[in-house]
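Peer 1: This structure is in structure tokens; I'll ask about it shortly.
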Amino acid sequence: TLETTTAVAQEIAAWLATVPEVTDLQLYAGTSAPVNFNGLVRHYDLRRGPHVADVQVNLVHKGERSAQSHALAVRIRGPVQEIAARRQAAVKIVEIPPGPPVLSTLVAEVYGPTAAARLHLARRVKEVFHGTPGVVDVDWMVEEPQPKRVLAVDREKAALHGVAPAQVAQTLRLALAGAGAGRLHGSGEAEPVEIRLQLPRAERSSVADLGGLRLASRSGALVPLGELVRVEETTAPVTLHRKNLQPVIYVTADVAGAAESPVYAILDMAGSLDAVQLYRQQPGADAVPAVKWDGEWHITYEVFRDLGIAFGLVMILIYFLIIGWFKSFTVPVVMMIAIPLALVGVLPAHWLFGAFFTATSMIGFIALAGIMVRNSVLLIDFVNLARSQGLPLDEAVLQAGAVRFRPILLTAGTVVVGAVVILFDPIFQGLAISLMSGAVASTVLTLVVVPLVHFMMERR
């Protein structure tokens, strides 16, 4: 009921008010909070009904607290879930994400030919989610069966009492849903006030109360409504979800723990779901019960896949560009040695800063490819120029490192200084770490490895 939902939300809000970083909060019971960036895909604007409530939490300015909002969400999740467990409620801690909005971090789409098959597999997936460390806020879009009482008109009894079935239905609708009875044009009101006729909640909350309503028959006698209807116990219809016209059950979860990347949770669950047929694309309608991954994990997979393809194309283009200039198939290989050398700095730097290797980190690594090849071009071009003037190979290589040291160092320095401004940004931190650490590591190694490898190949 709305009263129970509000009581649970108020208890959670009261505890949240004791968190030092919380300035204020708003509670929306029976309706949704104003839709935000996260709610665009999760359809928070459609949350209606007595069983739902939102508690919006506002934090102090980031400069006045030591922890970021994500760390606070992880910290408060445990106590809030304890309150929910005591009150038999399902509560989720939802953050406004810095990336594209998704239904949830982990989403398993369960397909199958029958409703029973889908429900059985979805329940199994949900149990695996619950049993995986670091997977929290497990839920599914399956509604529990709600009891429903149907007051069906007994037409025979209604005819004997002289009451029309339509009169019975109209009386029940008026008592339960109410009806407009006109408008009040008050002198102190800017707009007309709607007058609504409806029974008080205390008199319409049970079948017995409704059965006491009296209807006038054709003879003028008052007949109790309970004499004219029979009560049928049934269940309310549940919401059915479809994707691309196929019935589906969504099992959702979030990730919080030591390893917060969804890929680790997916790998941990792979053994438990090895007997389940997993799809990357949506299976057909006649397929056996199957699971398709979606959510933030799926977007991450697609982003890294597309960036990996783009990086491969960049490497091929750079290779053919250098071939066209130097007229050699081996020189481009030497020049491009600097690209993997950047990983020597990129990966340890992410570990040092405690940051994950994200899509922006991959973008920074791709951007480094062109910068590092440029440094190699400076070195080898100088070696070729010096040899054309009569210098021996070893002397040309040594002079190349000495003469080209300053422009290469300035190139790396400008990259590092330019990336400092985004180093502490929560979205582009990975980009800054990749650019800064990769530029420093590959520059130092390029000045040694590239001339040395070029010398060894040319000497042969």
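The values are calculated or read from the model by the stated rules, or taken from the named source; none is laboratory data. Note that this is a predicted model, so its numbers are computed, not measured. We place every Cβ from the backbone using ideal geometry, glycine too, and count neighbours over all the protein chains shown. Heads up: the accessible areas ignore ligands, DNA and RNA and are worked out on the full protein's heavy atoms, side chains in. Shrake-Rupley method; radii C 1.70, N 1.55, O 1.52, S 1.80 Å.
Peer 1: Looking at LEU267, LEU215, which is the one that is at pLDDT 85 or above and not in a loop (DSSP other than H, G, I, E, B)?
Peer 2: That would be LEU215, the only listed residue that is at pLDDT 85 or above and not in a loop (DSSP other than H, G, I, E, B).
Peer 1: Okay, moving on. Restricting attention to region 1-21, which residues are open to solvent by 20 Å² or more (accessible area, probe 1.4 Å), among the aliphatic types (A, V, I, L, M) and not in a loop (DSSP other than H, G, I, E, B)?
Peer 2: Residues satisfying the conditions are LEU2, ALA7, ALA14.
Peer 1: Just one of ALA90, ALA67 is touching a helix residue (DSSP H, G or I) at 6+ places or on another chain (Cβ under 7 Å) and either part of a loop (DSSP other than H, G, I, E, B) or open to solvent by 40 Å² or more (accessible area, probe 1.4 Å) (or both); which is it? Before the answer, list the steps.
Peer 2: Working: ALA67 fails: touching a helix residue (DSSP H, G or I) at 6+ places or on another chain (Cβ under 7 Å).
Going through ALA90, ALA67 in turn, the sole match is ALA90.
Peer 1: Filter region 404-445 down to the residues that are in contact with a Phe, Trp or Tyr (Cβ under 9 Å, 6 or more places away or on another chain) and β-branched (Val, Ile, Thr), then identify the one that is nearest to ILE339 (Cα to Cα).
Peer 2: ILE433
Peer 1: Enumerate the pairs (first residue in region 221-248 and open to solvent by 100 Å² or more (accessible area, probe 1.4 Å); second residue anywhere and acidic (Asp, Glu)) with beta-carbon separation below 7 Å, excluding pairs fewer than 6 apart on the same chain, so at least 6 apart or on different chains.
Peer 2: Partner pairs satisfying both residue conditions: ARG230/ASP154.
Peer 1: Name the one entry in PHE357, PHE320 that is of a type in the set (Phe, Trp, Tyr), open to solvent by 10 Å² or more (accessible area, probe 1.4 Å) and touching a helix residue (DSSP H, G or I) at 6+ places or on another chain (Cβ under 7 Å).
Peer 2: Result: PHE357 is the single residue among PHE357, PHE320 that is of a type in the set (Phe, Trp, Tyr), open to solvent by 10 Å² or more (accessible area, probe 1.4 Å) and touching a helix residue (DSSP H, G or I) at 6+ places or on another chain (Cβ under 7 Å).
Peer 1: Checking the condition under 30 Å from GLY295 (Cα atoms) and either open to solvent by less than 70 Å² (accessible area, probe 1.4 Å) or part of a helix (DSSP H, G or I) (or both), which residue from VAL142, VAL168 passes?
Peer 2: One residue alone meets the criteria, VAL142.
Peer 1: Is there a residue being open to solvent by 30 Å² or more (accessible area, probe 1.4 Å), of a type outside the set (Gly, Ala, Ser), assigned to a helix (DSSP H, G or I) and without any contact (Cβ under 8 Å) to a residue 12 or more places away in the chain anywhere in region 419-439?
Peer 2: No, that holds for no residue.
Peer 1: Of the residues that make up region 50-57, is at least one in contact (Cβ under 8 Å) with a residue 12 or more places away in the chain and closer than 23 Å to PRO426 by Cα?
Peer 2: For region 50-57, residues in contact (Cβ under 8 Å) with a residue 12 or more places away in the chain and closer than 23 Å to PRO426 by Cα: present.
Peer 1: Identify, please: which residue in region 47-69 is at pLDDT 90 or above and polar (S, T, N, Q) and is, among those, nearest to GLN10 (Cα to Cα)?
Peer 2: This residue is GLN56.
Peer 1: How many residues does region 100-136 contain that are outside any strand (DSSP E or B), under 18 Å from HIS43 (Cβ atoms) and open to solvent by less than 60 Å² (accessible area, probe 1.4 Å)?
Peer 2: Step one: filter region 100-136 for residues outside any strand (DSSP E or B), giving 100-105, 112-134.
Within this subset, residues satisfying the condition of being under 18 Å from HIS43 (Cβ atoms) are 100-105.
This time we only want the ones that are open to solvent by less than 60 Å² (accessible area, probe 1.4 Å), so: 101-105.
The total comes to 5.
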